[in-house]
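To start, the structure under review is shown below, and the notes come after it.
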Amino acid sequence: MMNKGANLSDDHHVMRHVPWSRLIKDEADNVVGFYSQAFALRPNEESLSVNWLEYFGSDRKTNIRDSVLDFRRTFKVGKKSAFGIASVNKIKDTCSATAGLKVRVVYEPSKKNPAHSSIRHLPREDLTLLDALAADAFSELVKNSDV
Amino acid sequence: MSDKPHPVPALAKALTSGGSLVFKLPEVPPYEKARTIGEHILLKLPASSAPYRSLLKSAMTDDSLTISAWSASYSPMFSEETKFIERRISELRNPASPASLFALAEKSLEERLFDATASVKILTAQIAMHLDREWRNKLFAQLDSLHDLEEWDPDDEPLQTGSFATFLKAIVQIKPQRRPGLGLSHNGYLVASWMVGKDRLTIEFLKNDRVRWVMARYTGDDVERFAGQTSVSRLIDGLAPYGPGYWFSK
């Protein structure tokens, strides 16, 4: 098992919970994407919280289901909320290409959430980078209601 | 301190009116709640405090007198309970006092969301003439949806009135034919998005008429991003080089 603080492999994936208020909806209220603000750090956060999908050790579909169940156990997950999925490599490439930044995606399990991981060294106010993460890196969207 | 009688101290302006003492103190607007609580204080004063009962009655029937002013002048004469009631009067009189902010923090999440929604809807009503009914109804539905208690992240801040005021100013200026999707940042700033296929324009409305925006235009696998921060009055100018009609026109 991977040690706490170790880098996740580039070909692995992470999942982030996005509440309803930070999902882009079209005029008919269909969810069509994530707002950049879904990837902004709060004042008390040093890194962006995600779940490491391959931690669950099964096929992709099962990993996604188990990760969602893990999120639901850890904190309140609204019925209309969703999850974004990105590969570690894509996150690093996006940060490098958009902002010249070298970020780390590390394993940081907690008692409540053994799959918890973090994206470190993200800037707080770079709206262009946040938009690139929202639209290009976390390009896969899974609705909570679909799991 | 007990409510035993004290000699009434001399004031700069005092006159006798129908056997009662009346003191002229600085003018402030009348405040009905303060008057009501003043009546409560009257009930609390013992009969032996006749001079002060008279003083208080006069204060409550004369608009030029203020309860807070006389209470400050005669503070040593009142019991702790009376002083407590007087403090409540002051809290009612001063809408943005620290005490009222503390009370705000004690509100339940449901109350805070309700209040935030009500505040911005009232604000919207002030510019109702600039929004057609259909859009206003849609906007209200979006605001209700953003503050949906079932979906609410307890670490988020409800929509800030200042942010929403900036949004309304922007909408009145831009007059977009296409209505935006709405979202909320964790600190309560409204976010609006216009999408054309995969292309998207996102504007975050800050307080004090400030906005920041980012747009992404895709050409095949290539993407160009532009971002800016400006005042709401300069927003159209800031977006002009990037063809605002692409986002706002039908």
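The values are calculated or read from the model by the stated rules, or taken from the named source; none is laboratory data. This is a predicted model, so every value here is computed, not measured. No Cβ is skipped: glycine too gets one built from the backbone with ideal geometry, and neighbour counts run over all protein chains shown. Quick note on the areas: whole protein, heavy atoms, side chains included, nothing else; ligands and nucleic acids left out. Shrake-Rupley method; radii C 1.70, N 1.55, O 1.52, S 1.80 Å.
Here is a check on your reading of the model: is A:ARG16 within 14 Å of chain B (Cβ to nearest Cβ), in contact (Cβ under 8 Å) with a residue 24 or more places away in the chain and outside any loop (DSSP other than H, G, I, E, B)? Don't jump to the end; show me each part of the working.
Working: within 14 Å of chain B (Cβ to nearest Cβ): yes; in contact (Cβ under 8 Å) with a residue 24 or more places away in the chain: yes; outside any loop (DSSP other than H, G, I, E, B): yes.
In short, yes.
Criterion first (touching a residue at least 24 places away in the same chain (Cβ under 8 Å), under 18 Å from A:TRP20 (Cα atoms) and in contact with an Asp or Glu (Cβ under 7 Å, 6 or more places away or on another chain)) does B:HIS186 satisfy it? If you could, list the steps in order and put the result at the bottom.
Details: touching a residue at least 24 places away in the same chain (Cβ under 8 Å): yes; under 18 Å from A:TRP20 (Cα atoms): yes; in contact with an Asp or Glu (Cβ under 7 Å, 6 or more places away or on another chain): yes.
Answer is yes for this residue.
Looking across A:LEU133, A:LEU141, A:LEU127, A:LEU101, one residue alone is closer than 24 Å to B:ARG217 by Cα and without any contact (Cβ under 8 Å) to a residue 40 or more places away in the chain. It is A:LEU101. Listed conditions (1) more than 12 Å from chain A (Cβ to nearest Cβ); (2) touching a residue at least 40 places away in the same chain (Cβ under 8 Å); (3) farther than 20 Å from A:ARG124 by Cβ are all met by B:LYS207, apart from (3). Name the residue that is nearest to the other protein chains (Cβ to nearest Cβ), counting only residues in region A:100-139 that are out of contact with any helix residue (DSSP H, G or I) (no Cβ under 9 Å at 6 or more places or on another chain) and of a type in the set (D, E, K, R). Ranking the candidates gives A:GLU125 first.
The criterion of at least 2 residues that are at negative phi and open to solvent by 60 Å² or more (accessible area, probe 1.4 Å) is met, among strands (runs of 3 or more DSSP E) falling completely within region B:138-250, by B:210-219, B:222-231.
Residues are listed down the side, and each one gets a yes or a no for (1) modelled with pLDDT under 95; (2) touching a Pro at 6+ places or on another chain (Cβ under 8 Å); (3) more than 14 Å from chain B (Cβ to nearest Cβ); (4) assigned to a helix (DSSP H, G or I):
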site: A:ASP10; (1), (2), (3), (4): no, no, yes, no
site: A:GLN37; (1), (2), (3), (4): no, no, no, yes
site: A:LEU41; (1), (2), (3), (4): no, no, no, no
site: A:GLU45; (1), (2), (3), (4): yes, no, no, no
site: A:LYS61; (1), (2), (3), (4): no, no, yes, yes
site: A:ARG65; (1), (2), (3), (4): no, no, yes, yes
site: A:ARG73; (1), (2), (3), (4): yes, no, yes, yes
site: A:LYS80; (1), (2), (3), (4): no, no, no, no
site: A:ASN89; (1), (2), (3), (4): no, no, yes, yes
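Quick one: in region B:166-187, of everything that is within 12 Å of chain A (Cβ to nearest Cβ) and charged (D, E, K, R), which residue is nearest to B:GLU134 (Cα to Cα)? Ranking the qualifying residues of region B:166-187, first place goes to B:ARG179. Listed by first and then second residue, the pairs with beta-carbon distance under 6 Å, at least 6 apart or on different chains, first residue in region B:151-179 and closer than 17 Å to B:LYS107 by Cα, second open to solvent by 30 Å² or more (accessible area, probe 1.4 Å), are B:GLU157/B:ASN187; B:PRO158/B:ARG112.
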